[in-house]
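Trainee: Quick one: this structure, given as structure tokens, is what I'll be asking you about.
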Amino acid sequence: MQTFMIPGTIFLSLLAGALFGVIQGVILVVFSATSGASSCYFLSKLIGRPLVSWMWPEKLRFFQAEIAKRRERLLNYMLFLRITPSLPNTFINLASPIVDVPFCIFFLATLVGLVPASYITVRAGLALGDLKSVRDLYDFKTLAVLFLIGFVFIFPTILKRKRTYE
């Protein structure tokens, strides 16, 4: 599903929690999501440029500029993007090879960055019977925690930039 950008992976994460528990579920979900995102990365590298340029021209230019500004701390930035819901993962998977994000950084950021959200979703799968909608998973508190974790990864870049201007 990740490779071909088919929506609905959140339901499989919930199911993984219900079937396998938190630890095994998170490992399964993160491994599957990282594998699918990596496949999408390589597929986009081969044939994705026209599609991404047509679908998201402004977003692609913005992403390319942000990547260029953050070359020195690219892993931190990619971790921030993966942890926080600031850019859709589908876009990140498709656009990363086009804007020259090295695969090793993409892979590591995906592997580590998907853990917090996967943990939340898989853990919610334990209480599958109590959920009324997908929106019940991501309340304000959960989104605030994800942004806080993302800020921790981007903080070294902010500090370095502040020191450069002083």
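Trainee: Does the stretch 55-74 include one or more residues that are in contact with a Phe, Trp or Tyr (Cβ under 9 Å, 6 or more places away or on another chain) and of a type in the set (S, T, N, Q)?
Mentor: Looking through the stretch 55-74, none of the residues is in contact with a Phe, Trp or Tyr (Cβ under 9 Å, 6 or more places away or on another chain) and of a type in the set (S, T, N, Q).
Trainee: For the stretch 140-166, give me the residue count where each residue is under 11 Å from Thr84 (Cα atoms) and modelled with pLDDT under 75.
Mentor: Here the count works out to 0.
Trainee: Have a look at Ala68, Ala18 and point out the one that is surrounded by fewer than 17 Cβ atoms within 10 Å (Cβ to Cβ), over 15 Å from the mean Cα position of the chain (by Cα) and farther than 30 Å from Arg123 by Cα.
Mentor: Ala68
Trainee: For Ser13, all conditions in the list (1) under 16 Å from the mean Cα position of the chain (by Cα); (2) farther than 18 Å from Leu111 by Cβ; (3) crowded, with 18+ Cβ neighbours inside 10 Å hold save one; what is the number of the exception?
Mentor: Every listed condition holds for Ser13 apart from (2).
Trainee: Looking at the stretch 132-139, is at least one residue of a type outside the set (Gly, Ala, Ser) and at pLDDT 80 or above?
Mentor: Of the residues in the stretch 132-139, the ones of a type outside the set (Gly, Ala, Ser) are 132, 134-139.
After this cut, where a residue has to be at pLDDT 80 or above as well, the list is none.
No: the stretch 132-139 contains no residue that is of a type outside the set (Gly, Ala, Ser) and at pLDDT 80 or above.
Trainee: Return the only residue of Leu94, Leu79 being surrounded by 22 or more Cβ atoms within 10 Å (Cβ to Cβ), under 21 Å from Thr142 (Cβ atoms) and either of a type outside the set (Asp, Glu) or touching a residue at least 40 places away in the same chain (Cβ under 8 Å) (or both).
Mentor: Details: Leu94 fails: under 21 Å from Thr142 (Cβ atoms).
So the residue among Leu94, Leu79 that is surrounded by 22 or more Cβ atoms within 10 Å (Cβ to Cβ), under 21 Å from Thr142 (Cβ atoms) and either of a type outside the set (Asp, Glu) or touching a residue at least 40 places away in the same chain (Cβ under 8 Å) (or both) is Leu79.
Every residue, every condition in (1) among the acidic types (Asp, Glu); (2) touching a residue at least 12 places away in the same chain (Cβ under 8 Å); (3) part of a helix (DSSP H, G or I), yes or no:
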{"site": "Val30", "(1), (2), (3)": "no, yes, yes"}
{"site": "Ser38", "(1), (2), (3)": "no, yes, yes"}
{"site": "Leu46", "(1), (2), (3)": "no, no, yes"}
{"site": "Glu58", "(1), (2), (3)": "yes, no, yes"}
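Trainee: Of these, Ser86, Ser96, which one is within 12 Å of the chain's Cα centre (by Cα), at pLDDT 95 or above and within 26 Å of Phe151 (Cβ to Cβ)?
Mentor: Values: Ser86 fails: at pLDDT 95 or above.
After ruling out the rest, the residue left standing is Ser96.
Trainee: Among the residues of the stretch 99-116, which ones are more than 15 Å from Phe151 (Cα to Cα), part of a helix (DSSP H, G or I) and of a type in the set (A, V, I, L, M, F, W, C)?
Mentor: Listed by number, the residues that qualify are Phe103, Cys104, Ile105, Phe106, Phe107, Leu108, Leu111, Val115.
The values are calculated or read from the model by the stated rules, or taken from the named source; none is laboratory data. Fair warning: this is a prediction, and the values are worked out from it, not measured in the lab. Glycine gets a Cβ as well: all are built from the backbone with ideal geometry, and neighbour counts include every protein chain shown.
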